[in-house]
Amino acid sequence: MLEFVKTFDLLGSITQFLQERRQSLGVSDSATLRPRLVNQERGGLIIYTWNDLSEDAKVVGPVTHVGVYDPLAQKHKVLWIYNQKVKIVSCTLNRERTLLGFTTLTRQDPGQDGKPKDVYQAFLAELQSLDPRVFSLNLQRHCFLKVQFLYPDATPPSRSGSARHSYMVVMLHKESIGLYQIHMARIGDRGIMMSGQPTTEQIVRKFVWGQWDAGSQRLYYIHNVRQSSGGPSDGVGHRLSVIQFHSGNKFDNMIDVPINFPFPYIRSSTRSYYADIPLHPGIPDAMLNATAVSQSNGSLCLCYQEHVSSTLRPTRTASPLQTLQEEEGDPGTVDVNYYVLMVHHAKTLHGCATGLPRPLLAAKRIVFQWFGDYLTVTMPGVFCHLLNVNLDYEPCHHILLHNQEIPTTTKPPVPSSTVTTSTSQTTSKPVISSEKSSASNSTDMSDPTQDLGAAAIEVYEPSKDRGNRGRGDDSPKTPETPSEDPQRILSQVSASSQNLSPPPGDLQGVGSPVPSPLAGLSLSPPGRLGSEVSCDVISVIDRECFKLGQVLMSCYGFSRESGVAGANLYDSRTGYIWRLASNSDSLVKSFKAAYWSTKLAILHYLILLRTRDISTMRQVFETLTADPTAPETANFLSEYLVASTFASMKKKADRETTQLLTFTTADTFRGQFEKNASGERLARVTYISLDSVNISTKVSQERRRRTSEDTWDLLRRSLRFKQMPPPSRFSHEHVLRALQKDIDTNGSPTKKWTWVNPQLEESFFDGMHTVKLTDVPAIRNSGSTSDSGGGRRSRTETVLGSTPLFLQANQTSKSEPKKKVPAVTEQLLVSHLMQHLKKESRIKAQNIAKEYITCQMQQCQQLCHLLWSIHTDEETTAYEQLLPKLDEVGTDREYQLFQIYERVFLVTQEHAFPRPSGFSSYFTALGFKCLTSSLFLQYVDRGILQLTPDFILQLLDDLDDDTDEENSETKFHIISRLSKPFAEDCFRRWHHPVTTHFTAKQQVAQVLQEGLARWRGKSEGESGDTDDRAQDRNRSRSYGSGDSRSNGSAESAFKPLSIFIQHLEDTAMEVQRQKPGSTSLMYDTGVIEEAALFQTRNYARCDLSNMNF
């Protein structure tokens, strides 16, 4: 479904620039280059470093260079050249490009304990001064130290390129976070320089994890807090806090959220391991894989991958009991757990991928990134979960995709588990290696298993348990800095203290194994190692993804290269920029292989986010309806109707209104599973509630002057709604309850679905659900319905074909029946909107309700068209006639269409959806062709198939009475299912003796009943006259009795019939005499005589000539 699309060769572009620069400088050194990407600033600016020969001939050996790449301008620039070789692990550039802040990692000489120590130091370098100076921040720490300049707004700097102040955040891991205000000034012709000591402010005390969001200028950090009773045994919990920075040194502490999932307790004294991850936005703790992501609509999530030990065994000797426990367990597989703290929903989502090979945890790390409104949780080549956690919807319908080819017991080939620290890769002379080449790779690439997992990750260990390891070329001696002076924050680094040559006696060594998620591979210098990625497009769960790096970092600003705006991923192993993209063919393939819950989620994704992709939707429904009898088919049809109606309403209503409409048939905040074809569980998703979320209502003066809502306002409003009972979304259950209540009040119906059958006072053929057959030519001549005017075909008709006539049939306003279900739906929706909408929005509730009913009709019609296009025959006559020929036996495709339309009928009944006007007629015609006569009549009796005027007329025309006597019986049985008035209308149109017999029998019974009532002397109200007979009297006027052939009965050749007719006339005259003006006995004696003679001649079993009358 999702694919990695190669966007840009960033590493290749940098390497080409460096080679061209070498040529322009006349450098003939054949040493290769090894650029390292360090940071990305707001606006997309990439900062990278590399070691190269200095332009100054006096300087011997390579020195460190800092360059930048602007993705918008697609240009490289050498930003600064240091006069010695250092290892920069953090680097930042201020907005005016006058200052460069950077952190170096060095190895100090062994102390009294004989163990070397890693030291992080922070520096500031002037860039636009005639005599650039380098200042030390007088900070030396054994934990990671990150520096980051603030970009107060997205506007470009002034033309002068100067500003009076620059602000920089300094993060001292496990210690504090400070805000530095650096004063700048233009001093004569000397350029822009620092004009004094910076002022500092501590904004955060101890913290254990931190991340900087350059795009939104936010600082996320996690800190330990003491818990009350009910917490862990040590009484320590964790909280996520967010600081929002504004112009100048203004900032707000926006939110404080308790973490309710298993987050490791990190002490200040705990030894930390830091990974060399390019473009990492925070503290690169190798033991933590945590990422904070947000969107402008108020969605905010903290994502965390739970640490699981890799295949590395501890160096100490294990006890016999521990060894036995490990052997009894299954060391080959493990569950990968991740957590997504959804602050905007006040919930935590817990995802678990089960039964994965344990070495995969060392080969890959989970990547968390937005993909539209979905949050992707991806372990490339293994699984990809698209989590529907957007602010606008309650979480549900997560798409869980897995590579089911990965065995759960056989370990995939992965590289050696030996961990090499960054200080162990040394050479006899300074070597500048290129990520383009693997020649300088210290890992033996002759092993083909290296292709699956070799990663460009370097782990920096503190000095503990390192023995006598020396310094390598990547860790030269750092400039000596004076001791920290409380009165001096900056100390200028003197030139005399800059020792350019590495100290003698450097040693190589291998550190002890590091039990971290990054520790399962042999680490090598960044570069394209082993097998190259063979194609530019890779499925996220394809084994080809094993050739990507161990960690993919998010980056942005490459819209010119990719042609698509949004976030991208940088792979340090290949040096490429990749972006996530959705592929229709891959989506259909994933749909076929997924479990039914994931299939439903993919369908939901297609409806809401890819409404115009009709072709993919058709392929999905081809798979769904291949077996119409599957129990899940109804769920998919229901989801399509409800979700597509919501998607259509989103285009026509505001956000406040759509939040009151149902968007899915599934239960939200409910767990979900994914299984393979053999029924084994692959993944599960559950939820945990948050107890409290503290969000600031105190904002800075600048935010009070804003004219529109920002992310925090939307988040604050969402959390405010969580504090009160949320308004329920309007659902079909409201309509069903109202209809059931009406049925209980008026009495239980005799049939299951009788409440949807319209009752008309007009003649049966004056109009019903569909148009009459006489109106079909007018429809055909007017052309098919199209969404785009001017005779052009709509997108839907381009894919599905022209709309068949039965879906084009419209009701005439003259005979449009009163539809109860849409009327009740409209009434209840108006009441629901009036109850929950704001006062100024209530005036449009009536229009919204009408538009909602229209959208329901349109989506149901489109669903019927979609299913019809899949299962119809190529030689269909649906474009020329309203209904198929009823004298032909149904084909297999027609039977499949009937089965799927039966599901449509039941789903529309269950969800109170209006159906197209011609659906009932076409559905009944399919049932007549595909079912046996007895089964067809059962469907009619149960109300599933409705006898419409169009079907009855088609039935009377197509079935010949002369060729088969069963046709007459079939017609009679079908028409007899109608109500009495409607049956009479149908019998009048059927020119068959049975209709004459039926009419005569009804008229004789009426006259005799009236006569019996007269002789008994009962009143008119007690005569048993029913409402049906009242309707019969109105319809009997068309016959009249003026042309009765009973006059002159003396001339009748059959005396018994004449006497009977005379008796009827006398009875009728007596009734009319007693009730002057009564028209209750309008009858036709000619019809009665004809029927009597026909019955006597054909069905009398005795010789009437011998009888004495």
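The values are calculated or read from the model by the stated rules, or taken from the named source; none is laboratory data. What you are looking at is a predicted structure, and each value in this text was computed from that prediction instead of being measured. Every residue, glycine as well, gets a Cβ built from its backbone with ideal geometry; the counts of neighbours run over all protein chains shown. Note: areas computed on protein heavy atoms with side chains; ligands, DNA, RNA excluded. Shrake-Rupley method; radii C 1.70, N 1.55, O 1.52, S 1.80 Å.
One table, with the values for the structure above:
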| quantity | calculated |
| --- | --- |
| Hey, N94 touching a Pro at 6+ places or on another chain (Cβ under 6 Å) and among the polar types (S, T, N, Q) or not | no |
| Which numbered condition L240 misses (of (1) open to solvent by 10 Å² or more (accessible area, probe 1.4 Å); (2) in contact with a Leu (Cβ under 8 Å, 6 or more places away or on another chain)) | (1) |
| Per-region count, the stretch 542-566, residues of a type in the set (A, V, I, L, M, F, W, C) and more than 25 Å from the chain's Cα centre (by Cα) | 2 |
| Selected residue (criterion: modelled with the highest pLDDT) from residues of the stretch 283-307 that are touching a helix residue (DSSP H, G or I) at 6+ places or on another chain (Cβ under 8 Å) and surrounded by fewer than 21 Cβ atoms within 10 Å (Cβ to Cβ) | Q295 |
| Selected residue (criterion: nearest to E733 (Cα to Cα)) from residues of the stretch 815-834 that are open to solvent by 80 Å² or more (accessible area, probe 1.4 Å) and modelled with pLDDT of 85 or more | Q827 |
| Qualifying residue in the stretch 890-911 (condition: more than 34 Å from the chain's Cα centre (by Cα), part of a loop (DSSP other than H, G, I, E, B) and surrounded by fewer than 20 Cβ atoms within 10 Å (Cβ to Cβ)) | yes |
| Residue within the stretch 186-203 that is free of Cβ contacts under 8 Å to residues at least 60 places away in the same chain, in a strand (DSSP E or B) and under 28 Å from Y265 (Cβ atoms) present | yes |
| Qualifying residue in the stretch 1010-1025 (condition: modelled with pLDDT of 70 or more and open to solvent by 40 Å² or more (accessible area, probe 1.4 Å)) | no |
| Qualifying positions in the stretch 567-585 - in contact (Cβ under 8 Å) with a residue 24 or more places away in the chain and either under 26 Å from G671 (Cβ atoms) or open to solvent by 20 Å² or more (accessible area, probe 1.4 Å) (or both) | A567, Y576, R579, L580, S582, N583, S584 |
| Those helices (runs of 4 or more DSSP H) lying entirely in the stretch 587-689 with at least 2 residues open to solvent by 60 Å² or more (accessible area, probe 1.4 Å) | 596-609, 614-624, 633-650 |
| Single condition L897 does not satisfy, out of (1) modelled with pLDDT under 90; (2) in contact with a His (Cβ under 9 Å, 6 or more places away or on another chain) | (1) |
| Qualifying residue in the stretch 200-213 (condition: open to solvent by less than 40 Å² (accessible area, probe 1.4 Å) and at pLDDT below 90) | no |
| Residues within the stretch 926-950 that are closer than 19 Å to V904 by Cα and open to solvent by less than 40 Å² (accessible area, probe 1.4 Å), tallied | 14 |
| Hits in the stretch 661-699 (condition: under 25 Å from M254 (Cα atoms) and in contact with a His (Cβ under 8 Å, 6 or more places away or on another chain)) | Y687, I688 |
| 1 or more residues at negative phi and modelled with pLDDT under 80: qualifying helices (runs of 4 or more DSSP H) within the stretch 914-1002 | 965-975, 980-989 |
| Qualifying residue in the stretch 877-886 (condition: under 39 Å from the mean Cα position of the chain (by Cα) and among the acidic types (D, E)) | no |
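Yes/no per residue for (1) small (G, A, S); (2) within 22 Å of S615 (Cβ to Cβ):
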{"residue": "Q827", "(1), (2)": "no, no"}
{"residue": "A849", "(1), (2)": "yes, no"}
{"residue": "E880", "(1), (2)": "no, no"}
{"residue": "R893", "(1), (2)": "no, yes"}
{"residue": "S920", "(1), (2)": "yes, no"}
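Each row is one residue, and each column tells you yes or no for (1) open to solvent by less than 30 Å² (accessible area, probe 1.4 Å); (2) at pLDDT 90 or above.
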position	(1), (2)
D9	no, yes
G12	yes, yes
S30	no, no
G61	yes, no
L72	no, no
I88	yes, yes
